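Heads up: the structure comes next, in structure tokens.
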């Protein structure tokens, strides 16, 4: 996807893959370090390749209380994974890299439910995890409505925790 979109050449991608394997780094980190791809280009490619949605935490400022109870704070911080929404048999978890199977497996073990990953900017995610588990969200709760995933309803923050 990065090559097809013209962000980098095939030669640059192959060099980055070899560097990634040699140093044991994530491909994303090598691409950033060598200024081969912007975070936006990487996220666009990853959402396409992994077929996971991108969630902009700036417009999804409050995760469901029930979702936070499914993954302990120390696990969320260590794995950079923020549970934001629960369904009957799943938890939607925003992650920095949803392609790591061991992370998904560990999250499923803690949540005792299937994990439906989403992706977000790493910088936003670290801050969001700290704020979510410390109860420092302000003013509004945004909630995804299951029947129409494109509809977001704003409710008074006083209802937080009383879903």
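The values are calculated or read from the model by the stated rules, or taken from the named source; none is laboratory data. Being a predicted model, the structure only gives us computed values, none of them experimental. Every residue, glycine as well, gets a Cβ built from its backbone with ideal geometry; the counts of neighbours run over all protein chains shown.
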Task: Given (1) within 25 Å of residue 9 (Cβ to Cβ); (2) in contact (Cβ under 8 Å) with a residue 40 or more places away in the chain, index of the condition residue 125 fails - done: (1)
- [ ] Would you mind finding the one in 83, 98, 149, 117 that is surrounded by 14 or more Cβ atoms within 10 Å (Cβ to Cβ), modelled with pLDDT under 90 and closer than 21 Å to residue 47 by Cβ?
- [x] 98
Task: One residue from 37, 41, 45, 58 being outside the structural domain of residue 119 (by TED's automatic domain parsing), outside any helix (DSSP H, G or I), surrounded by 13 or more Cβ atoms within 10 Å (Cβ to Cβ) and touching a residue at least 24 places away in the same chain (Cβ under 8 Å) - done: 37
Task: Number of positions in the stretch 17-31 that are free of Cβ contacts under 8 Å to residues at least 60 places away in the same chain and either assigned to a loop (DSSP other than H, G, I, E, B) or out of contact with any helix residue (DSSP H, G or I) (no Cβ under 7 Å at 6 or more places or on another chain) (or both) - done: 7
